[in-house]
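Undergrad: The structure follows.
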Amino acid sequence: MLGYVLNSHQQWLCRQLSDRGYLVDRQTAVNDTAEAIQASVREGMARADLIIVTGGLGPTSDDRTRDLIAELLGRPLKSDSEVLARIEGFFGRRKRPVPASTRVQALVPEGATVLQNEHGTAPGLAMEFESGSRSGLLVMLPGPPRELRPMFLNQVLPLIGKRFGAAPDFCCSVLRTVGIGESFLEEKIAGDLAPLIKRGLDVGYCARVGEVDLRFVARAAEAESLVQEAEAVARKHLRTFIYGRDPEELNAVIVRLLTEKGKTLALAESCTGGYIANRITNVSGSSAVFLGGVVSYSNDAKRRFLGVKAETLAKHGAVSEAVAREMAEGVRRETGADFALAVTGIAGPTGGTVEKPVGTVFIALAAANGTEVKQNLNQYDRETFKFLTSQQALDMMRKELVAGTS
């Protein structure tokens, strides 16, 4: 509530629920006071069938959620021996003593179902509630995302399905696009989608730096066929702008395509400082296709490790088409990779000139059939510049792989 921590749970949980046809009606964030927590849960029980509470299940003095909700529901807390054993085992495996304060996490409200925490010590809790003529399910989840997310996917979703059943006649599909703006994307498909929208199709656009997600949702008897027809329209008009389906990321697509084609990749990065290599190696299995990379930030590194000519640097400057070309060809030559990507640019906020303003970047792709270089202008903060440049480089690689050239 002070603004120091981003509430990513609301986005992630809403996405998981909406993708399965369960619509979230309200999100509420409150501070750690008894009045705020109990008032929010009390209001939720009066108007909702499902309440999900995140955070406040840990061992410290500000973790009050479990106690306050148990008090609100009139459920006495009792120590659960199985939960306590799991807590002791968690510390025992790490050869650490069990802090006395963590034992409070073994207190379970009467009648609650314990949701085991495979990545921490605070278990989740689920219990039925009644409020007047309304009854429902209340779920409490730990705050850390690495604990909350697997617990929700593996334990809470089955409970929700059992308690409320499947969402009727619901279908959702999200196509991921790159290299096209949100407005231009809509212009390309709006006309052919109009009849489908009249039949009940819902279309959504989510624009981020370097990407636009295209979401189709239908809640009708013909939901699946509506979404399939919408996808056909999108693929007809957007073609190579579509790189995959959510949740697949562009870096994962590159690794998959390289693997399928039996090809390898090397990188020469200047302005991105290894960012592209980081994204590639975040994908499991990338070691089979990624041979290596060089972060050639200085001119000397470009000469020594990539073979960029001193006269090229002197004549054109480090940020130039000629240098990007020699960087890509140099790292491909040194590693023996089938493909090589190189980037050189001005991330800013200083270093720009009239001829080459901040945001100028050259991206080169070297292959057996030659080297292609593109120039872009990415005028953002340094971090966004790096990400967008990496998107443009990876998309350049994707289009080459999709085209089937080598």
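Undergrad: Placing unit charges on C-beta atoms (Lys and Arg positive, Asp and Glu negative, everything else neutral), compute the dipole magnitude of the chain about its Cα centre in debye, rounded to 20.
TA: So the magnitude is around 860 debye.
Undergrad: Of all DSSP beta bridges located in the chain, what percent are antiparallel, nearest 5?
TA: Counting DSSP beta bridges with both partners in the chain, the antiparallel share is about 75 percent.
Undergrad: Also: Whole Å is fine, so just give me how far the alpha carbon centre of region 219-242 lies from that of region 1-21.
TA: Using only Cα atoms, the two centres lie 27 Å from each other.
Undergrad: If you count, for each residue, the other Cβ atoms within 10 Å and average over each peptide, how do 70-80, 121-131 line up from highest to lowest?
TA: 121-131, 70-80
Undergrad: Find the relative contact order for region 171-245 and round it to a whole percent, using C-alpha pairs within less than 8 Å whose residues are 6+ positions apart.
TA: For region 171-245, the relative contact order is 46 percent.
Undergrad: So, one more: Using modelled backbone amide H atoms (1.01 Å from N, in-plane), which distant-in-sequence or interchain residues come within less than 5 Å of L115's amide H?
TA: Long-range HN contacts for L115: G124, L125, A126.
Undergrad: What number results when the radius of gyration of region 9-164, computed over Cα atoms, is divided by 2.2 N^0.38 Å?
TA: Rg over 2.2 N^0.38 Å, computed on Cα atoms: 1.02.
Undergrad: Report the net charge of residues surrounding W12, where surrounding means a beta-carbon distance below 14 angstrom and charges are Lys +1, Arg +1, Asp -1, Glu -1.
TA: Surrounding charge for W12 is +1.
Undergrad: Related question: For region 250-403, take N as its residue count and report Rg(C-alpha) divided by 2.2 N^0.38 Å.
TA: 0.96
Undergrad: I'd like the distance between the alpha-carbon centres of region 124-190 and region 57-101, rounded to an integer number of Å.
TA: 27
Undergrad: Per-residue HN-Hα couplings for region 206-221, Karplus 6.51 cos²θ - 1.76 cosθ + 1.60 at θ = phi - 60°, whole Hz, x for Gly and Pro?
TA: Values per residue, Gly and Pro as x: 10, 9, 10, 4, x, 8, 9, 8, 10, 10, 10, 9, 9, 10, 9, 4 Hz.
Undergrad: Pairs of alpha-carbon atoms within less than 8 angstrom and 6+ residues apart define the contacts here; what relative contact order does the chain have, in percent?
TA: Once divided by the residue count of the chain, the mean separation gives 10 percent.
Undergrad: For region 76-130, what does the relative contact order come out to in percent, with C-alpha contacts under 8 Å and a separation of six or more?
TA: Over region 76-130, the number comes to 36 percent.
Undergrad: A further question follows. For a protection proxy built on the mean count of beta-carbon atoms within 10 angstrom, sort 288-295, 151-158, 262-269 highest first, please.
TA: Those peptides, ordered most packed to least, come out 262-269, 288-295, 151-158.
Undergrad: Taking the convex hull of the alpha carbon atoms in the chain, what volume per residue do you get, in Å³?
TA: 192
Undergrad: Round to a whole angstrom and tell me the spacing of the C-alpha centers of region 352-406 and region 243-288.
TA: Taking the Cα centre of region 243-288 as reference, the centre of region 352-406 is 15 Å away.
Undergrad: Considering only the other residues whose Cβ falls under 12 Å of the Cβ of T371, what net charge follows from Lys and Arg at +1 and Asp and Glu at -1?
TA: Net charge around T371: -1.
Quick note: the coordinates plus some simple rules give every number you see, no bench work behind them. All values reported here derive from a predicted model rather than from experimental measurement. Ideal geometry is used to build each Cβ from the backbone, glycine not excepted, and the neighbour counts take in all protein chains shown.
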